[in-house]
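A short worksheet on the structure shown next.
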């Protein structure tokens, strides 16, 4: 028979060629784990109008994808101006897939940042989202829509999808809308419940898992600051019984990774922050429903009415159907938090201690331990075993032990993490067990330096002390110095001496989450923190003041001090605050070199009221008592020994 087959193939070379092509193409229909296909939907598309931007994308077909990731890359362009307005503020954007014959579904929602300074900074940001839920609709020729709610222009959008081949935790089967729209809230004559009414669904026996996915954000502001600035909740009912209650609120805007921003980016909001993804809320319906049986889902908002309703919620709810899980024991390395150059982890980097990774249990068996290896490319390999409890689809961040020697090198490198075992044995799926990131060098500081801090006028309502503080940790995580419970409008100088070689973490915190200074709180003035060389007034590092809730700076004290080369000269600055004032002002000075100060206060007619010379200083806060003056406008002229002259206009108002 072998001879006959050979002869047959000799007589039918063309047939043999077709058979070969068929098998090659057929092989391409199956996943090659790890292979990635990129599809670009929009490339630097200028947003020049309010509303929808539509196009068609051609996605891969006939393959199985372990993960689909959406890269939403936001940038800025030079706006021509009149008649265009280019505020580049916090606008709602929504990405929709429009598959033929199926529901048009929201794939992602991102709020643009306050980015009026991005153009001058040549800045952009790549938001990365897992959109594997939408594998059934991101398939073949598919309509795509970018919805832009902005009433000013200036942004650009690049949208790319990353299709990573392999076996997913569960195969996505379908996605159907339950709710999709902007619904007014608080209207006594037209309740939001008219729109969030009960919906009936069912699924077949092939569905192994069913979820309700809610993406909801509150916008607009009435007399009670609802919906954007008031905290409300919703209740989820399945078959008429309440199964969950969720707050529609984000408390972490002051820790936003996209910072600093202009505008009011630090304020807590109704489940969104400027410059952030609106993350969905998942409800597992599998144990609450049965195949081939109708069930209802119903969302009830917290009861609320207002006389003049002017706000609402952008609400999308989707029923997601999946196959049964594909693995029983499977831990996925989802991301590297530190060290990395990914701007989505800007606050955690560049780091020189305690690598951090995100893992997810995508197998059905609970996981109690995961063993890792990690290290820099071509460097020492370290190991660590995490222990805890991680159930199906739960995520956690794993913090490795201090390993400064592998993260504090003088050059950029590649950091690699690998899962070695799960629950003491092999992982069932090894194609999601390795992750790599790029690193950048951490700053070098000397072992001797001075921490110079000036507090502003912001008082913590609990401690009745200043909102700002700092703490210094060594690479073992031990706090070795701190300044907490500080007075307002005060100067603090702390000298660090003979710090051993190693990695250190300097953490600035602000309990009011408005940083050391913020444009929307001018009455508090601007605080400051900087690190200077000990013995002369040259600055090693300036801490930014617009930091929201806090700022972390890692640095390394090297064995060889000749490695230091990043010192900068201190810049001189002056500030008068609060302004307006009820009578008590402060003159803050922060000079490169010590020098005397002379100031004069004039009323609006030019009459000289106060003259005073201050002793030579570098960093200081001087109180100025104007409580005996009448309300009105005054001028303060400040002259330095080097001839510098600054004029400040202040307002007294009581």
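The values are calculated or read from the model by the stated rules, or taken from the named source; none is laboratory data. Source: prediction; values computed, not measured. No Cβ is skipped: glycine too gets one built from the backbone with ideal geometry, and neighbour counts run over all protein chains shown.
Could you say whether any residue in the stretch 311-321 is part of a loop (DSSP other than H, G, I, E, B) and modelled with pLDDT of 95 or more?
Within the stretch 311-321 (the criterion being part of a loop (DSSP other than H, G, I, E, B) and modelled with pLDDT of 95 or more), the answer is no, since none of the residues qualifies.
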Practice item. For residue 267, state whether it is outside any loop (DSSP other than H, G, I, E, B) and either surrounded by fewer than 18 Cβ atoms within 10 Å (Cβ to Cβ) or at negative phi (or both). Key: no
Review point. If you check every pair at least six apart or on different chains, which have Cβ atoms under 7 Å apart with a residue in the stretch 531-557 that is on the phi > 0 side of the Ramachandran plot first and a residue that is assigned to a loop (DSSP other than H, G, I, E, B) and buried (at least 20 other Cβ atoms within 10 Å of the Cβ) second?
Key: 548/256; 548/259; 548/266; 548/513; 548/515
Review point. Has the stretch 482-497 got any residue that is surrounded by fewer than 14 Cβ atoms within 10 Å (Cβ to Cβ) and at positive phi?
Key: yes
Review point. Any residue at all in the stretch 75-88 that is part of a strand (DSSP E or B) and either buried (at least 19 other Cβ atoms within 10 Å of the Cβ) or without any contact (Cβ under 8 Å) to a residue 24 or more places away in the chain (or both)?
Key: yes
Check your understanding: Here are 227, 152, 197, 191: which of them is at negative phi and surrounded by 21 or more Cβ atoms within 10 Å (Cβ to Cβ)?
Key -> 227
Check your understanding: In the stretch 620-654, how many residues are surrounded by 11 or more Cβ atoms within 10 Å (Cβ to Cβ) and closer than 27 Å to residue 493 by Cβ?
Key -> 13
Check your understanding: Is it the case that some residue within the stretch 197-204 is touching a helix residue (DSSP H, G or I) at 6+ places or on another chain (Cβ under 7 Å), more than 30 Å from residue 91 (Cα to Cα) and assigned to a strand (DSSP E or B)?
Key -> no
Exercise for review: Could you list all residues from the stretch 233-261 that are surrounded by 20 or more Cβ atoms within 10 Å (Cβ to Cβ) and either closer than 13 Å to residue 301 by Cα or more than 20 Å from the chain's Cα centre (by Cα) (or both)?
Suggested key: 234, 236, 248
Check your understanding: Which of the residues belonging to the stretch 257-276 are under 16 Å from residue 109 (Cβ atoms) and touching a residue at least 60 places away in the same chain (Cβ under 8 Å)?
Key -> 258, 272, 273, 274, 275, 276
Check your understanding: Of the conditions (1) over 16 Å from residue 166 (Cβ atoms); (2) modelled with pLDDT of 95 or more; (3) crowded, with 16+ Cβ neighbours inside 10 Å, residue 68 fails just one. Which one is it?
Key -> (1)
Check your understanding: For residue 280, are the conditions met, namely being within 30 Å of residue 505 (Cβ to Cβ) and either in contact with a helix residue (DSSP H, G or I) (Cβ under 8 Å, 6 or more places away or on another chain) or at pLDDT 95 or above (or both)?
Key -> no
Study note, to complete from the structure: Checked 487, 498, 526, 456 against criteria (touching a helix residue (DSSP H, G or I) at 6+ places or on another chain (Cβ under 6 Å), more than 24 Å from residue 350 (Cβ to Cβ) and touching a residue at least 24 places away in the same chain (Cβ under 8 Å)); the one match is 456
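Answer with yes or no whether residue 546 is modelled with pLDDT under 90 and surrounded by 15 or more Cβ atoms within 10 Å (Cβ to Cβ).
Against the criterion (modelled with pLDDT under 90 and surrounded by 15 or more Cβ atoms within 10 Å (Cβ to Cβ)), residue 546 does not qualify.
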Practice item. Can you confirm whether the stretch 40-53 contains a residue that is over 14 Å from residue 146 (Cβ atoms), over 23 Å from the mean Cα position of the chain (by Cα) and exposed (fewer than 12 other Cβ atoms within 10 Å of the Cβ)? Key: no
Review point. Are any of the residues in the stretch 288-304 in contact with a helix residue (DSSP H, G or I) (Cβ under 6 Å, 6 or more places away or on another chain), assigned to a strand (DSSP E or B) and either at pLDDT below 95 or crowded, with 18+ Cβ neighbours inside 10 Å (or both)?
Key: yes
Review point. Is it true that some residue in the stretch 122-133 is part of a strand (DSSP E or B) and within 23 Å of residue 50 (Cβ to Cβ)?
Key: yes
Exercise for review: Check whether at least one residue in the stretch 206-221 is over 34 Å from the mean Cα position of the chain (by Cα) and surrounded by fewer than 15 Cβ atoms within 10 Å (Cβ to Cβ), and report yes or no.
Suggested key: yes
Point to revise | Criterion violated by residue 123 - all others in (1) closer than 19 Å to residue 43 by Cβ; (2) at pLDDT 95 or above satisfied | key: (2)
Check your understanding: Counting residues that are closer than 23 Å to residue 283 by Cα and either free of Cβ contacts under 8 Å to residues at least 24 places away in the same chain or touching a strand residue (DSSP E or B) at 6+ places or on another chain (Cβ under 9 Å) (or both), which strands (runs of 3 or more DSSP E) fully inside the stretch 351-397 reach at least 2?
Key -> 356-361, 382-390
Practice item. Among the residues of the stretch 55-65, write down those that are surrounded by 12 or more Cβ atoms within 10 Å (Cβ to Cβ) and outside any loop (DSSP other than H, G, I, E, B). Key: 55, 57, 59, 65
Check your understanding: How do the pairs read when you match residues in the stretch 411-436 that are free of Cβ contacts under 8 Å to residues at least 12 places away in the same chain and at positive phi with residues anywhere that are in a loop (DSSP other than H, G, I, E, B) and surrounded by fewer than 20 Cβ atoms within 10 Å (Cβ to Cβ), using Cβ under 7 Å and keeping only pairs 6 or more apart or on different chains?
Key -> none
Check your understanding: Got at least one residue in the stretch 464-471 being without any contact (Cβ under 8 Å) to a residue 40 or more places away in the chain and under 16 Å from residue 554 (Cα atoms)?
Key -> yes
Review point. Are any residues in the stretch 155-170 at positive phi and modelled with pLDDT of 95 or more, and if so, which ones?
Key: none
Practice item. Say whether the condition of being at pLDDT 95 or above, out of contact with any helix residue (DSSP H, G or I) (no Cβ under 9 Å at 6 or more places or on another chain) and over 18 Å from residue 317 (Cβ atoms) is met by at least one residue in the stretch 171-180. Key: yes
Check your understanding: Can we say residue 417 is surrounded by fewer than 17 Cβ atoms within 10 Å (Cβ to Cβ), out of contact with any helix residue (DSSP H, G or I) (no Cβ under 7 Å at 6 or more places or on another chain), at pLDDT 90 or above and in a strand (DSSP E or B)?
Key -> no
Exercise for review: Return yes when residue 476 is within 29 Å of the chain's Cα centre (by Cα), more than 16 Å from residue 512 (Cα to Cα), at pLDDT below 95 and surrounded by fewer than 18 Cβ atoms within 10 Å (Cβ to Cβ) and no when it is not.
Suggested key: yes
Revision key, fill the gap. When the stretch 420-447 is checked residue by residue, the ones that are surrounded by fewer than 16 Cβ atoms within 10 Å (Cβ to Cβ), under 23 Å from the mean Cα position of the chain (by Cα) and at pLDDT 95 or above are 436
